[in-house]
Amino acid sequence: MRYSALSIFKQALAGNLGWTPAWREPQPKPHYDVIIVGGGGHGLATAYYLAREFGIRNVAVVEKGYLGSGNVGRNTTIVRSNYMLPGNEPFYEFSLKLWEGLERELNYNVMLSQRGIISLYHNDGQRDHYVRRGNAMMMEGVAAEQLDRETLKKMLPFLNFDHARFPIIGGLLQRRAGTARHDAVAWGFARGADRLGVDLIQNCEVTGIRREDGIVTGVETTKGFIGCNRLALAAAGNTSRVGEMAGLKLPIESHVLQAFVTEGLKPCIDHVITYGAGHFYISQSDKGGLVFGAEIDGYSSYAQRGNLATAEHVMEEGVTMIPGLSRVRVLRAWGGVMDMSMDGSPIIDRTPIDNLYLNCGWCYGGFKATPASGFCFAHLIAKGESHHVARALRLDRFERGFPIDEAGAGTQPNLH
Amino acid sequence: MASLISCPHCGVRPKEEFSIRGDATPVRPAPMASDEAWNDYVHVRANPRGRIREHWQHVAGCRRWLVVERDNFTHDVFSVTDAAAGRGGAQ
Amino acid sequence: MTAYRLASGGLIDRSNTIGFTFDGASLSGHAGDTLASALLANDRLLVGRSFKYHRPRGIVTAGPAEPNALVTIGTGARRDPNTKATVAELYDGLAATSQNRWPSLAFDIGAVNDRLSRFLSAGFYYKTFMWPAAFWEKVYEPLIRRAAGLGRTDLPRDPDGYEKSWAHCDLLVVGSGPAGLAAALVAARSGLRVILAEQDFVLGGALLSETTRLDGEAPFVFARHALDELHGHPGVTLLPRTTVFGWYDDNVFGAVERVQKHSATIDAARPVERLWRIVAKHAILATGAEERPLVFGGNDRPGIMMASAASTYANRFGIAAGRSVAIFTNGSSGYRTAEDLSAQGVEIAALIDSRTDASDRAPDGVRVVRGGGIIDTKGRRRVRAVIADRGGFEELIACDAVAMSGGWSPVIHLACQRGGKPVWSQALQAFLAPEAGDGLVMAGAAAGHYRLSECLDDGARKASAIVEALGRPVAGFERPVVGEEVDPSFTALWHVPGARSKAFVDFQNDVHGKDLGLALREGFGHVEHAKRYTTSGMATDQGKLGNINAIGILATMRGVSPAEVGTTTFRPFYTPVSFGALAGSSRDEHAMPVRRSPLHGWAARHGAVFIDAGLWYRSSWFPKAGEKTWRESVDREVRTVREHAGLCDVSTLGKIEVFGPDAAEFLNRLYCNPVLKLPVGKARYGLMLREDGMVYDDGTVSRLAEEHFLVTTTTAMAAGVLSHMEFAAQVLWPELRVRFLSVSDQWAQMSIAGPKARTILQAVVEDDLSNAAFPFLAAREVRLKGNLKARLFRISFSGELAYELAVPAGYGEAVADALMRAGEPQGLCAYGVEALNVLRIEKGHVTHAELDGRVTPDDAGLGRMMGTGKPDFIGKRLSTRFGLTAADRAQLVGLKALEADKDMRAGAHLLKDGAKPSTINDQGWVSSVCFSPTLGTHIALAFLKSGRERYGEKIVVWDKLRGVETFAEVCDPVFVDPENRKLMA
């Protein structure tokens, strides 16, 4: 069923009783060309692009919970391509370009809102770093702007210009960055994939990976064995657990990242703003809640909940950056489990096991990558080779010495 | 994660007094060990869900490195020991 | 006129009249009122507008679950948007403003949405607004955003203060109703340290509005006696106005105390809110139960409220919700409200009971409609009548208020915040808390025990078990004699059939029954999907009232039990908590501590301009009279150092003393370069790697004695390097006999650099400093004139003849002053980190601008330092990886500007002359830039692919961000004195 203003009008006149399900609820078939483990944003996008771009439609997505139950529905909805390193920037820019056409392509409004992201800096060293980053973006043809303190004062008068421990001296702006409605991204890709014949199988947990002669032949699930020619893992947060079923040992540690939302407010913050003297970032949703977060809690965790001390620290950073947040009340805190990789960058690659493909290590940057991750993973699965923007995202880059370390923090995952 | 950590030297202290490094299971290989052993040590993590051992340092206390054995799903802490004690080192 | 203050009754102080304003109108209430009760007393039924349809809304509850009565309280910079009128304590001068309406509360343009509501069904926005693309940000989204949101803030600076406290107790009791008080009494009498936290400003919970008599008296009398007794126990802390919002690991609870939120005048010496972190050995949640609304057509009109709220307003606040109140119930609680209201002389228009077989008795004269239901209501800004349906027979019942009771849900929120899933009780038709383990138990209504006697017994019983578990004798608790109790049973009714108009499930977000139907129809039947698709439960009340009905409706539609539908996840915060309370005093200039060098005062006296360097303030440059720009000062300082001498404060460097028989071996493994054979009395540049082969930090290693070293770190990495060393010593090589200690704060350290450095220094140092006696890289203790012991290191960052002199921190300023005096005839100047930066760039020395965590020693031109012959050092093994030794890695080079009118800037990238800018063509980046007064041009350090092979190449310095492209010549990074003649002089 096609969505449009007209369809809304017609259905409304019929009491909204004529809407049809956004996707089917199929029983698994015995065998698929491709099975994707994980019905989150990346898995659903992979299925969609496999069907749409590469003509592979005999595809199942198996999801242990409900569609979009992982990090695609827990993030702070930021979309951007302001990376510095050559292994990352072309990939994220490819993603942003896909975002820009996504709604019309999917016939689903994911509310991409290109409000601009402003990354604040507070000292000369940070400034130089952001200039390097901005120029790296522009090398890739991505517009970036440097804002001085006076410009920022006019744009964001509520920032702490007068009493800051670390004064704001400027910022880097990417205007095309912004936010999108996270759940809608999962739903849009799910509906799009379903319409192209992909089976989306919810409440179906993978319990084992079957191998015959070393080759992956299918997955054991709570709904029985399902065979496949190619198996693709897109289970960020649980990558190690699923990978372990195939004997994979991975450069991943699971960590919890908290996110927060305030009570609804009339529009007061237009941009996505990130703090340079801490990890705080904030934006305002269309519903009016201020959505924000900061650093990961720092310890290995599979629990989707955070601790109070970290939450307090996040608020400290918040009121330090925007003093006027002080009287705003925080409504809800939640946690997502991150695949923290050893260099802070993701992996889209084959594995040492034939027919087994891997998409993981998104740290806390996976949401913005959703379309490109799906596209490039589908490309890899369909063609057997990496998409050119994802060539650096290899699994063996660690042993071969080609890390993509945006933070320069080395191999300690909780520092990325 | 635990809101409190029971440091074997300082007693029960708030989590914020500690810093966390990560998995305490990998042991630094001998200098001449295989490339694979070294790659595993630096880059590969078993990352199980459940009982794990993790390196924490009591930075705002005794500054000792500790091994915290805990469950990373329930966040129960089973034991906190001095890392050197486990390796026969001097205290 | 509908609601009014009864002539008598209630726990308010009628002798104390309080003035307040609502939307500018001056009104009055009494001490003990909430804003909501005072508004009702003034017959202000319309208090807000809903989120989506802007429907007129009134007060629904008398507590923290309130979805509708959200107002902004306060004025100016003290405005608190989205405050629930039902929990806001009334105070003299309170100024409240309604929200989400324009131009006024009574006439709100946004209400047009209500007329268009059929086009605005759940999720409609996902299906439209996609064309044309540019319209989303420019047209649609601004409209949506303006319509959405609730309260308004322009983010003014908060004038008030906040603080945080830890508290420790044997037992935390959350909630001061009958169960909580009984529990606290037992625990207190048994000698436990008890904290009793209550979100209300009066302790007593349900006892404040309950009419069942205890020992023949009103229940609040029992509460007062209990509180009097608790006050007398030294181990008891009573925390009224304190909401426990979160349950965290190790039985740590987060709570927020509203210290001064009930006053128009704020005592600046005290916080307005205080965050408590309560470490509880045990906790009892006596959080009561929440009454459920009934989902019937038109159930949202002002004047329709919970039956328990109508009772509370009558009994506690002395207010009649209306003159003629219709009651709609599915259980006995509606009858109780009928009694409460009748007792106050309020007319009951009818009591409509959805059950056909109920045996409850209504008060005399009250008409009961059994087996009936409300299908619609009349009235716009206040309810005027209800349409009741009984078996197809419809009846219009005039009334001016409706009290509804849909049964009860235990408040289990906190108990479910740590992953435990609520458990459905078929018997109670409610979700109960999961078994939480030892640390937390539910008591009273929160545990599903609704009768007053049960609550008292359960609270005492749960506390007794805890006292026993703590190994103490249990003190007695004699439960008061409870008067006639009401059986609180009900028959679940999730959705009243036959709704003629919208039957709201989530009042604030305007989610009604049909929205849930639509969600299910479109495949969003999972409770999480339904929530996210319809926004049910996502409002500021987080579904406290509506979620259970949404679950029941989904269950009914799906033909399963509510147990199978399950709940969405309970998460902090139980009720919203301000940023301010959670941040405490860590804000503004106090966000992080400030570190000042022992020479800070000296630098200040010499007019230093300070700059942040992590937590430190470092002297950046020392302007002299007549110098107009920082560059003038810095250029002068650089020239002075190169021609005469300068003194720079380098105290902020990390300094770590290393002792022990294995100290040399330890450091030899820690640094990539050899340390083992470093002679006593000598210093050496040292480079530490991470285990992945990248440079971690650099500094110097000085051997002061055979088993005594002093190592320095960069300012930024001082703390990190210490931890790194501790890890190596305690975890990697605990067998090595080595001890170390940070002495960063114990020493003031100054660099004296320049051709005259020796002459100046000799004036204050007793020891012979001649080149023979104290050669380059000498490092040892010296004696200053006046007999002060100091440490002197002949090391140079500037490339000049230079020394670093360390003296005990307290002597720093005196020694610096002495040096300045001694140096005056030699032209000595103070110089700051800006000049230091220029000097080191001229000499090709790296800092963290170059060593950014992605650089190998070889990248930085330091590959020859690697002690490849050493058996082991941190980073050795992985530094040989293919990617780290690739020939096309970016290598440190120097750049000389070729166009004088265009300056280079750090962060610029590099391109081959004529190459098209692209990521693939990117040749590297500029890490540090300065104007070199020595060379009279701009120079830079940069990383260039295969850079050391490219000296002499003309390259494009590409800074598109600033719109500057300029040419530079690639050269050796050492611009000044490459033969080190000055250094060795």
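The values are calculated or read from the model by the stated rules, or taken from the named source; none is laboratory data. Just so we're clear, the structure is a prediction, and the values are computed from it rather than from any experiment. Cβ placement follows ideal geometry from the backbone for every residue including glycine, while neighbour counts extend to all protein chains displayed.
Being more than 8 Å from every other protein chain (Cβ to nearest Cβ) and either touching a residue at least 24 places away in the same chain (Cβ under 8 Å) or under 23 Å from A:I296 (Cβ atoms) (or both) is the filter here, so list the residues in the range B:4-21 that pass it. Across the range B:4-21, the qualifying residues are B:I5, B:S6, B:C7, B:P8, B:H9, B:C10, B:R13, B:E17, B:F18.
Please work out which residue is surrounded by the fewest Cβ atoms within 10 Å (Cβ to Cβ), limiting yourself to the range C:380-400 and to residues that are modelled with pLDDT of 95 or more, under 51 Å from the mean Cα position of the chain (by Cα) and not β-branched (V, I, T). Among those that are modelled with pLDDT of 95 or more, under 51 Å from the mean Cα position of the chain (by Cα) and not β-branched (V, I, T), it is C:A398. Each residue in the range C:722-740 was checked for being hydrophobic (A, V, I, L, M, F, W, C), closer than 25 Å to C:W616 by Cβ and in contact with a helix residue (DSSP H, G or I) (Cβ under 9 Å, 6 or more places away or on another chain), and 2 pass. If you go through the range C:482-507 and keep only what is more than 40 Å from the chain's Cα centre (by Cα) and hydrophobic (A, V, I, L, M, F, W, C), you end up with C:V482, C:V486, C:F490, C:V496, C:A499. I'd like to check something: does the range A:38-58 contain any residue that is crowded, with 23+ Cβ neighbours inside 10 Å, under 18 Å from A:V389 (Cβ atoms), hydroxyl-bearing (S, T, Y) and within 13 Å of another protein chain (Cβ to nearest Cβ)? No - not one qualifying residue is present in the range A:38-58.
The set of residues from the range C:663-690 being assigned to a loop (DSSP other than H, G, I, E, B) and under 45 Å from the mean Cα position of the chain (by Cα) comprises C:C672, C:N673, C:R690. Could we say that A:F166 is facing chain C (nearest Cβ under 8 Å) and either surrounded by fewer than 23 Cβ atoms within 10 Å (Cβ to Cβ) or farther than 26 Å from A:L393 by Cβ (or both) here? The answer is yes for A:F166. When the range A:78-101 is limited to residues that are of a type in the set (A, V, I, L, M) and within 10 Å of chain C (Cβ to nearest Cβ), the one that is nearest to C:E137 (Cα to Cα) turns out to be A:M84. Restricted to the range A:253-293, and to residues there that are free of Cβ contacts under 8 Å to residues at least 40 places away in the same chain and buried (at least 22 other Cβ atoms within 10 Å of the Cβ), the residue that is farthest from C:A539 (Cα to Cα) is A:Q284. If you go through the range C:497-519 and keep only what is farther than 16 Å from C:R55 by Cβ, surrounded by fewer than 24 Cβ atoms within 10 Å (Cβ to Cβ) and aliphatic (A, V, I, L, M), you end up with just C:L518.
The rows are residues; the columns are (1) in contact (Cβ under 8 Å) with a residue 12 or more places away in the chain; (2) part of a loop (DSSP other than H, G, I, E, B); (3) closer than 30 Å to A:D339 by Cβ.
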position	(1), (2), (3)
A:G18	no, yes, no
A:R24	yes, yes, yes
A:P28	yes, yes, yes
A:D33	yes, no, yes
A:H42	yes, no, yes
A:A45	yes, no, yes
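Considering the range C:671-692, the residues that are in contact with a helix residue (DSSP H, G or I) (Cβ under 6 Å, 6 or more places away or on another chain) and over 16 Å from C:G861 (Cα atoms) include one that is surrounded by the fewest Cβ atoms within 10 Å (Cβ to Cβ), namely C:L676.
Taken together, C:W102, C:W131 contain a single residue that is within 35 Å of the chain's Cα centre (by Cα) and free of Cβ contacts under 8 Å to residues at least 12 places away in the same chain, which is C:W102. Of the residues in the range A:113-130, not one is β-branched (V, I, T), at the interface with another protein chain (Cβ under 9 Å from one of its Cβ atoms) and crowded, with 24+ Cβ neighbours inside 10 Å. Scan the range A:331-349 for residues that are over 17 Å from A:E295 (Cα atoms) and crowded, with 24+ Cβ neighbours inside 10 Å and the total you get is 4.
Of the residues making up the range A:205-246, those that are over 24 Å from A:I56 (Cα atoms) and in contact with a Pro (Cβ under 9 Å, 6 or more places away or on another chain) are A:S240, A:R241, A:E244. I'd like to know if the range C:239-246 contains one or more residues that are of a type in the set (S, T, N, Q), surrounded by fewer than 21 Cβ atoms within 10 Å (Cβ to Cβ) and outside any helix (DSSP H, G or I). Scanning the range C:239-246 turns up no residue that is of a type in the set (S, T, N, Q), surrounded by fewer than 21 Cβ atoms within 10 Å (Cβ to Cβ) and outside any helix (DSSP H, G or I). Within the range C:627-638, the presence of a residue that is at pLDDT 95 or above, within 24 Å of A:G276 (Cα to Cα) and either within 14 Å of chain A (Cβ to nearest Cβ) or buried (at least 19 other Cβ atoms within 10 Å of the Cβ) (or both) is excluded.
Counting only strands (runs of 3 or more DSSP E) that sit completely within the range C:1-119, those holding 1 or more residues that are within 26 Å of C:G543 (Cα to Cα) correspond to C:70-73, C:80-84, C:94-97. Between a residue in the range C:42-62 that is under 23 Å from C:G24 (Cβ atoms) and any residue that is among the β-branched types (V, I, T) and outside any loop (DSSP other than H, G, I, E, B), which pairs come within a Cβ distance under 9 Å, given they are 6 or more apart or on different chains? The qualifying pairs are C:V47/C:V71; C:G48/C:V71; C:H54/C:I109; C:H54/C:V112; C:G58/C:I304. Please determine whether any residue of the range B:22-30 is crowded, with 17+ Cβ neighbours inside 10 Å, small (G, A, S) and within 12 Å of chain C (Cβ to nearest Cβ). Looking through the range B:22-30, at least one residue is crowded, with 17+ Cβ neighbours inside 10 Å, small (G, A, S) and within 12 Å of chain C (Cβ to nearest Cβ). Being in a helix (DSSP H, G or I) and in contact with a Lys or Arg (Cβ under 7 Å, 6 or more places away or on another chain) is a description that applies to A:A51. Quickly run through the range C:146-183 and pick out the residues that are free of Cβ contacts under 8 Å to residues at least 60 places away in the same chain and surrounded by 24 or more Cβ atoms within 10 Å (Cβ to Cβ). Scanning the range C:146-183 gives a single hit, C:G149. The set of residues in the range C:591-616 that are within 11 Å of chain A (Cβ to nearest Cβ) and either out of contact with any His (no Cβ under 9 Å at 6 or more places or on another chain) or aromatic (F, W, Y) (or both) comprises C:A591, C:M592, C:P593, C:V594, C:I611, C:A613, C:G614, C:L615.
Conditions (1) within 28 Å of the chain's Cα centre (by Cα); (2) at pLDDT below 95; (3) in the same structural domain as C:R381 (by TED's automatic domain parsing); (4) not hydrophobic (A, V, I, L, M, F, W, C), marked per residue:
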site: C:Q260; (1), (2), (3), (4): yes, no, no, yes
site: C:I266; (1), (2), (3), (4): yes, no, no, no
site: C:V279; (1), (2), (3), (4): yes, no, no, no
site: C:A283; (1), (2), (3), (4): yes, no, no, no
site: C:Y313; (1), (2), (3), (4): no, no, yes, yes
site: C:F328; (1), (2), (3), (4): no, no, yes, no
site: C:G331; (1), (2), (3), (4): no, no, yes, yes
site: C:S342; (1), (2), (3), (4): no, no, yes, yes
site: C:S354; (1), (2), (3), (4): no, no, yes, yes
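Each residue in the range C:563-587 was checked for being surrounded by 23 or more Cβ atoms within 10 Å (Cβ to Cβ) and part of a helix (DSSP H, G or I), and 5 of them qualify. Take C:A613 and decide whether it is in the same structural domain as C:V807 (by TED's automatic domain parsing), more than 30 Å from C:V680 (Cα to Cα) and in contact with a helix residue (DSSP H, G or I) (Cβ under 8 Å, 6 or more places away or on another chain). The answer is yes for C:A613.
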